[in-house]
Structure formats: C-alpha cells, structure tokens
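Here's the structure, in structure tokens; my notes come after.
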Amino acid sequence: MTIGDTFRHLGFHAANDPRPDAELVGRFVRSRDEPAFAELLRRHGPTVYGVCRRVLGNTHDADDAFQAVFLVLARKAETVRPPGMVGPWLYGVAVRTANKARVMNAKRKARETVAGTGNAVTGWDGTRSACDGVSEIIDAELASLPPVYRAVFVACEINGRSRSQAARDLGWPEGTVAARLAKARELLAARLTKRGVTLSAGLFAAAGVPPALAAGTLGAVREFLSAGVATSVAPAAHTLSDEVVKSMSGVKLKLLAVAALLAGLAAGTVLIASPGEKPGPRLERKAMTNAPVPKPAVDEWKEGKPIEFKDGGRVLSVAFAPSGKTFAVCRDEGRIDFFDPATRKHQQSMVLKHDPKVNPNTEVGTFPALAFRPRPHAKLGDVFAITHKNGVNIGTTNIGLLVDNAPVVNDLPQNWAVAGSDPHQVVWAGDGLVISNGEETRHRDPNGKEQGVRGWADRKHQPCVLAAIPDSESWLMQFDNDRKANDTTVWYWDAADIKQCRRLEGHQSRPVAAAVSQDGKRIVTGDEGGTLIVWEGEKFEEKRLIDLGKGVVQLALAPDGKTAAVAKVKVRIEDYGGGRPMPQEWHEWTVSVYDVDSAGTKPKPVYSWGGTVKAPTAGSPPGPASLAFAPDGNTLLAAFGDGTATPGGGSQMGDQNLKAALLVGRSVGVRVWERVPKK
C-alpha cells in the first residue's frame, strides 16, 4: 500500500492536489485544515525521510525524527515565511532534527556503556560514513551561493518540484526559475569541481516513506492539535519535537530555507520502503479542534530614550543586524558604534583608517553609508559593508574591519576597491554589493565580477540606489536624468539578467525613497511630491496611492510590510529684515508611522513626532538622515544629522521635550520609538 492508498482510507486527497504549497500552509494556519497538512506530508515527506535516513542511518531513529519534523511543522507553520518556501523550510528542520537526534543517541549510548547495558544498533544502512566528506564540501559551497540560487536549487533539485511548480511556490515567473536554476547548477558545479567533487543527483535523492509511518504521523499531529500532546508516537519523537522548537525559539524559522537547511546537505541515496511493511491501523477521522484565535492586540508607539553622542559628529545612517543581536550607527569620519537592541547599551566602536601599509585604498568618504548583509557569518558574526572614498570596506561584528589585502575567508567577501568613486549608498543584493555615488551604480557579485549602470546624473549626491530586494540579487534605483527634466521612473534591476530591467511607472514627481518587505511581496516607493505608491512586489502592480504632501526624504517598511515610517522635511526661510546680513533657514521635520493598508489616499498617521531646527552653515541639512525598523518590527530608529535647537522649541505634534536630543553644538543623535501594548 502506498501513501496515496493510506490517504484515501483516511478520506484525504490521494495525489495531484493542484493547490500550491503557500495555499496549503495558509489553510492549515488559519483553520487547522487536516487534508492540507496531509498533502504537505505527501509532497515533502520523501525528502524529509531521506534526510533522516541519511543522517541517522538507522530506520527506527529515522522514523522518530521524521515524525518529530512534522510535529514541528504542526506547531510552527505560521512562522514559515513566505509560505511557499515550506519545502526548503522542512528540509532545514529535518537536518536540525536528525542532527539533534544523533547527538541525543550518542549521549544515551555513552550512558549505557558506562552502565554496562549498551546494546548493538540494528538497521544501519552503511551509507553515512561513505558520503560524510562529500556532504561537508557540498554544504560549504551551496551555503555560499546567493539566496535566490539556493532556494531554486532546493526546490527543484532536492524537493523535485517542476519549474512551473517551483515558480508557483516561490512566486517567480517560470522563465526566472529556469534561468536561476541553470545558474545555480553552473555555480555549484564549478565550485565543487575546484574541490574535486562531482555534482551528482544521487546525493539529493528522496526516500520512500512507509505508509504506516505516514499514517501514524498524521494521527500524532491530529492528537497533538486536539490535546496538546502526541502520545501515539514514541517518546523520543515527542522529545525531539520539543527540543527542536525550543532551540529555534530565538531564531527566525523562515531563515531555515536559506541557512539552517544548508547546515547538512545529506539527503543520501534512494531508499525504498520494504515491500513487506504493512500500513498501520485505519484511523477514524475525528473533527479537529481549532486552536483558539487570540484577540488582536491594540498597540501604540511610544518614544524611548534617545541615543546621543557627546563627542559630536554627524549621524549618517542606522541599521539593524539581521541576527537581532546589534544595530549600528554610522557617523562621519567613518565612525561606527554598535548597540544592544534590547538595552541600547553601547557594545563596541570601529573607525575606518587609512594606512598605506595595510589599507592603501581606504580613505574616509564624503558620506559614509553602512549596510548589513542579510545572512550572518556562522562564526564571525554579522557582516556589514561601509563605503569610503575609494570603494567599500567589509567588516564583521566579531573581528572588526578587514584590511585591504586580508586573506580570503570562506563565506566572507573581501574589500572592494573602486578608485575615486566616493559612494554614498550601499546595499546587499543577495551576497553581492551595489554602490552608488549619484552618477554611477556598480554591482559586484560574490565571485568578484563587476558591472556598472551609468545614468545621466545632473547632480551628485542624490538618491540613486533606493532599496534592495530581500533574498535576491535585485535592487530598486532611480536616475537623475538631464534628458528628462523630472524623471519619475523607479527601475527594478536584477543582476542575474541586468539587461532585463523593469520600470515601475506611476509617480508624478521624482522618486527619492523606497522600502521592501522581508518576503519581497510588498514594495513602497515615495517621491518628492509626497506621494507613496504601494506595489505588489511579485507582479509589480500598483495597489494603492497615498498622498502625504511635499517633503518626503526617507522611508522604511516594517518586515511584515504593513507599517511604514516616513520622514519629511520642509524648508522655511526667515528674513529678519532691518538690515540684518542674511536670512535664516529653518528645517521643519516630522517622523510619522502609517498603516499602509488603511483606507483612503490621505490616511492619518498612527504616530507622528517632529520639530524645527536651524540649518547648519556647512555640511548636509539637519533632519532625518536614515530610518530603520528592528527585525521584529517593534522598534524604529531615526538617525539625525547635526542641528541647533529652536530657542524654546517644541514639537508640532505635541511633544514638548526636545531638549534631550536637540542641543546647541551637539549631534542630534538617534531617536528611538517602540511599539508597545496600549494601556
């Protein structure tokens, strides 16, 4: 009897369910739809079982690990982001679960040996040791591929999805899937060849799931959802599930699709269930108990204690590390300060330095900019890039800034020298980098290949690179075009096929800011006229238009794509008259938080805060220079350049306490807001 036969006995779809993975996950999360879960098990069970058999090599232990993996899915399905990535997500959980089972078994055997009760292990396949070295090499090389190539390789080569199915699951055009899959194969094969390994499909083959195991797993999931415990599985399976969920509690499970799943690419060879195995007893289908739906919490934004720098210096940018362990504040002269996101206590400082012996290319630029790579280094911490006059300096939170000719470190890019470029913008496009100086945008892929995109800039130091597209080698940009008085186009560039760029047209004024949700499904762009456009990120369709009035200069989007922070600056010229030498220029600025799904073209902000500062005599204007949401979306930071407080100044939004941040002759610093439950 096959899994399909077992499912028919249980009253589920037997096979060829046309619904995509994302819909199945969504139905299970919303209503605990058991047939949807059964279809996910049918589709991805063979891959999960292959991992468990390959890592553990013992049928009994593999069965326990298999059931634990799907218990984890039942408990944490809502954390799969995007839902269509459930296949790679399950692969990562399988690797994690099987490795944890191996550790637990080793400890148990050690205890039994000491006690003199050790028993021989039965059911060993004899394949694990033969492939260990090859698997480690593949792990390292596949982990170094850009995320888009890793995702499509896992979907098609490991999970066995067709190109059309993968396109539906990943939310990409089928042509993009085909191109990226071919590129992924090419990159991985080339890297493995250099290390003497041949890329073989057998290493990624799935394993047939015994029907009895599939039926027992569904029964255990049903029992767990109804009673909160699965007594029908072996205690080891339930314990494994608890341990894996506990170990992941501080980790974004959605990153398993591009990180944890690559910790052990060991799918092994094809293993077929024994013909003699019989299915377990037929399970009586019972009505499933839906998990209680909590009432939506009512939140509000509150201002926290600002971050000030008594030693001065313009604050140019602020960025959260993807690990959630730190955030960085970049100031002029290449100074970087790191802070604890929870306590906001200072952790460490770094400074760009020009040294002819070790840093001949490094020279502090006009406007240093900093960005974190979306994927931390396993041992060296969060990886970041900071611009300088002649390119980009790479650093990590554990070892600091790299010298120009530092030895090559696995999974860590080297410094990028672009003589005289003086870039003021940098983003990570996957594992590659994109920089801009307002005249030219340059891209460097992880292999060091460079390509440039030159527009028709009529002014330097104007926005060009607007935002990166998460988990891809794509970015949004805008040209200063002297062939068109006010170019209103946002361009979408893909490094995998840079000639096939897209145009996002709809703005009536020049776009100056953009932000993208963590899953890439929502894009928000803003222009000088104060118009925000919300785009459907996968189809690039305009969804709605928001009119905020003139003065938009910065934009940030929370990871979920529902909350946007917008900074606006208005210039007011005050002519004193009476023979006074010069008029005084003042900047009135606000930072506001909006629900981008709220109705109407002129929504009221959820929260707003602002003030007035006198323009400095030199340097960049004061006001918000950078906005950043924390990875959980519950903290917002705004970095401000230098300014002088209005005498007796106060906020136009009712906040009368500006003195803490706006002090004469001192850096304005970083303002902090937190989303908290409303009292």
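A few points about this structure:
- Inter-site label distance for residue 103 and residue 540 at 7 Å from Cα along Cβ, in nm: 4.5
- Residues listed by number, region 437-454, amide nitrogen under 13 Å from residue 193 label point at 7 Å toward C-beta: none
- Cα gyration tensor shape of region 526-570, rounded if a/c is under 1.5, else prolate or oblate by comparing a/b with b/c: oblate
- FRET efficiency estimate (nearest 0.05) - Cβ-Cβ, residue 450 to residue 597, R0 41 angstrom: 0.55
- Calculated FRET efficiency for the pair residue 408/residue 30, C-beta based, R₀ 51 Å, to 0.05: 0.60
- Annotation for residue 311 and residue 185: the two label points, set 7 Å from Cα along the Cα-Cβ direction, are 5.5 nm apart.
- Computed from label points 7 Å out along Cα-Cβ, the spacing between residue 340 and residue 634 is 1.7 nm.
- Calculated SAXS-style log₁₀ I(q)/I(0) at q = 0.14, 0.16, 0.18, 0.23 Å⁻¹ - region 305-409, Debye, Cα scatterers: -0.52, -0.68, -0.86, -1.33
- Near residue 471, the amide H atoms lying under 5 Å from its own belong to 430; only residues 5 or more places off or on other chains count, and H is placed 1.01 Å from N.
- Proxy reagent accessibility, fewest Cβ within 10 Å first, across 560, 445, 63: 560, 445, 63
Computed from the coordinates by the stated procedures, all read-outs in this text should not be read as laboratory data. Please read these numbers as outputs of a predicted model, since none were measured by experiment. All Cβ positions, even for glycine, are placed from backbone atoms using ideal geometry, and neighbour counts span all protein chains on display.
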